[in-house]
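Presented below is the structure to which this report refers.
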Amino acid sequence: MTAIIDENTVLTGGDEVRADIVINRPKALNALNVDVLQGLILALEKVQKQESLRVITITGAGTKAFVAGADIAWMADLGPRAIADYVELGQRAMRAIERARVPVVAVVNGYALGGGLELAMACDVIIASDKAKLGQPEVKLGIIPGFGGTQRLVQRTGIGTARRLIYSGEMIEAEEALRLGLVDKVVSAEELQEGATAFCNEIINKAPLAVQQAKRLLRESSEQFLLSGLQREVETFLDLFQTADREEGMQAFMEKREAKFTGK
């Protein structure tokens, strides 16, 4: 890493053809707060100013987590306007990844849960450590995925698997994620960076205009349906955030106990 956009939350580096973005909150398992999401958008804008750019990677600092989700303790006390702003910011960050002009590779080095998995799924390719664990556990908090998970998980795994993972909130191992189509490649933790570099080099060595236009067409193939689904997801997330079940789910999470949901 050679350059810093935000010394507290997002680092960038790389060379003339590859940009590396690192979410840098390892003590918080790289949880997505407002600073991270804003920093991610700014980082993407900055690195794409380089005309020779051919690929972007995104990973998390440390060895435990790619991104372990949202910052639940912080979220729990947000009011309606603040939570709406947060969810809309998260959606903008995911769209910024998806609409980057070059392929974006998620290098999943640990937990990718909730918003972390949604971030990975907004990338074009997901390369995971064999020690990575992935899931959409939002129903355990009384909410649903709010950064595109209900839409992009279906695109990656099909509706049946998406139902299973979202309804249960279960966390799965990297090898099962590979079998389900949720990730594209699994390598040993010790060789993760080398594996990511090898794949990036495959992209770098191809015709850049052809790769970029292929990315645009692949994105546009499902964009119309995706955008309407994302809007409905935001609206439903905000409705659920006002429920007693959401309050109980987040309180139970912070108290490290089982939630007692009432359906209210």
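Taken together, the values in this text are just the output of simple stated rules run on the coordinates, not laboratory data. Quick caveat: nothing in here was measured; it's all calculated off a predicted structure. Because the Cβ atoms are built from the backbone with ideal geometry, glycine has one as well, and the counts that use them run over all protein chains shown.
The table below lists the values:
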{"item": "Stretch gain in nm, segment Lys46-Gln155, where the contour uses 0.36 nm per residue and the Cα spacing is subtracted", "result": "36.4 nm"}
{"item": "Mean separation of Cα contacts under 8 Å (6+ apart) over length of the stretch 3-190, as relative contact order %", "result": "18 percent"}
{"item": "Among Phe241, Phe253, Phe66: highest mean-square fluctuation, GNM of the chain, C-alpha pairs under 10 Å", "result": "Phe253"}
{"item": "Potential extension, Arg99-Asp35 segment - 0.36 nm per residue separation minus Cα distance", "result": "21.0 nm"}
{"item": "Of all DSSP beta bridges in the stretch 8-133, antiparallel share, percent nearest 5", "result": "20 percent"}
{"item": "Set Lys133/Lys256; Lys64/Lys215; Lys140/Lys185; Lys27/Lys133; Lys185/Lys260; Lys27/Lys264 screened for pairs whose C-alpha atoms are more than 26 Å apart", "result": "Lys64/Lys215; Lys140/Lys185; Lys185/Lys260; Lys27/Lys264"}
{"item": "Span-rule helices in the chain, defined as complete DSSP H runs reaching 24 Å or more along the axis (Cα) with Kyte mean at least -0.5", "result": "80-98, 208-241"}
{"item": "Virtual spin-label span in nm between Phe225 and Glu176, 7 Å along Cα→Cβ", "result": "2.7 nm"}
{"item": "Rough spin-label spacing in nm, given labels placed 7 Å along Cα→Cβ, for Arg81 and Ala244", "result": "2.8 nm"}
{"item": "Separation between Cα centres of the stretch 74-123 and the stretch 29-70, rounded to whole Å", "result": "10 Å"}
{"item": "Distance-filtered residues of the stretch 57-77 - backbone nitrogen under 14 Å, label point 7 angstrom along Arg216 Cα→Cβ", "result": "none"}
{"item": "Model label zone, Thr236; criterion: amide N under 13 Å from point 7 Å along Cα-to-beta-carbon; scope the stretch 201-230", "result": "228-230"}
